[in-house]
Ligand code: GDD
């Protein structure tokens, strides 16, 4: 029996917290550890035996060239069928799955995975499938309708930012599910990764009917949009909890949401760490005529890095980027064709496409890592400004096509694309 996967890629109206980076590239294609965010998810799916097709569902225009090019490349590289299906309007986290049900059901797959596109991690999909199948067989109903979701542990304080899952300890059966509860429900949270048997379409059909007949829901949307929107979390998971059909598979492997630019630095570090064990050939090595490499560093084959530069740990340098003599880079992502001039220093920052950082300039941000003293802590999704209207310290992001002059300091600052900078800046958004 075959399997499929659906990745919910959202659309241009989503990802606003990811600005300014999402102004230049659809958020799911933002490169982390040298590959677009969703490449890591698709690659993860490609490792599951029998999984031969990935459907991307979202509301980006199909003419979005970056998306088309990406799909063509991934198909070849991973020998996988990858297709994009565009929703006529954002249909919610389950509306697109229902709308494209024929495409998902064609070929009669046994089950299909669903993954949110804005999560990163080392997802144990094969183990999850094994668990899913063992539940089915354990019950002697080979065609039993079963749904498995991936769960992980969060701190009590942070759990309310996620879907919260209460399950039976012995079986993993989900007895209660609340999406982003106001009061404490559980420290087991929804990772945004699911495995659904094909019976899910019966529940989706019921949810669809219910929404069509509802008058109170999302009144401010035009009727056509309102009628077809379905929430996977509210309309399905909440209802399936307690029905003995929904199970949670726990993981303690790396998992994080990628909502903000700061989260990409954390994701970059963790994906590079995975390369260290699984794809060490992707990591830069110290060699006689090369730059000094500390820890995990990715350098695209076309990037030019001076042999006196020092990179790492946790740096990714994209296609066509140039790093000059004596430059120092740490915990940063350098995007395509960016130029880091001699002796510049880049720490906890993202340098945008076609931007340049002048000689002896220091670009530095504040790390937004999960609290290392609290087990299971996740990255905080902070508001841009604090109560006094001041920018919360975060990584520094230099948007695309920005020229940062020589011998200045840019600290905790976000610079929008095409802006001019003439002097040092601290804690500012340059609009
Ligand atoms: N195709 C499509 N259409 N995708 C969508 C739409 C839509 O209308 N709306 C959201 N998505 C995609 C987003 O791009 C994202 O990848 C995913 O669905 C979930 O997005 P959100 O609706 O922003 O939910 P969330 O991220 O705040 O919370 C969800 O994910 C958490 C884990 O990261 C929930 O599932 C939580 O329960 C969960 O803990």
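Annotations
- Failed condition for residue 140, given (1) more than 14 Å from the ligand (Cβ to nearest atom); (2) at pLDDT 95 or above: (2)
- The range 20-40, subset within 15 Å of the ligand (Cβ to nearest atom) and part of a loop (DSSP other than H, G, I, E, B), residue farthest from the chain's Cα centre (by Cα): 25
- A single member of 274, 265 is assigned to a helix (DSSP H, G or I), under 30 Å from residue 181 (Cβ atoms) and away from the ligand (no atom under 16 Å from the Cβ), and it is 265.
- Qualifying residue in the range 281-288 (condition: modelled with pLDDT of 95 or more, outside any loop (DSSP other than H, G, I, E, B) and not assigned by TED's automatic domain parsing to the domain that holds residue 400): yes
- Scoring residue 7 on the criteria (1) within 15 Å of the ligand (Cβ to nearest atom); (2) assigned to a helix (DSSP H, G or I) leaves a single failure, condition (2).
- When the range 144-187 is filtered for residues that are under 19 Å from the mean Cα position of the chain (by Cα) and over 25 Å from residue 202 (Cβ atoms), the ones remaining, listed by number, are 152, 153, 154, 158, 159, 161, 162, 180.
- Helices (runs of 4 or more DSSP H) wholly inside the range 51-107 that include at least 3 residues being assigned by TED's automatic domain parsing to the domain that holds residue 125, touching a helix residue (DSSP H, G or I) at 6+ places or on another chain (Cβ under 6 Å) and free of Cβ contacts under 8 Å to residues at least 24 places away in the same chain: none
- Yes/no for residue 256 being within 16 Å of the ligand (Cβ to nearest atom) and at pLDDT 95 or above: yes
- Selection within the range 231-245: residues that are away from the ligand (no atom under 11 Å from the Cβ) and surrounded by fewer than 18 Cβ atoms within 10 Å (Cβ to Cβ). The member of this set that is nearest to residue 206 (Cα to Cα) is 239.
The values are calculated or read from the model by the stated rules, or taken from the named source; none is laboratory data. Predicted model only: the values in this text are computed from it and were never measured. Cβ: placed from backbone, ideal geometry, glycine included. Neighbour counts: every protein chain shown.
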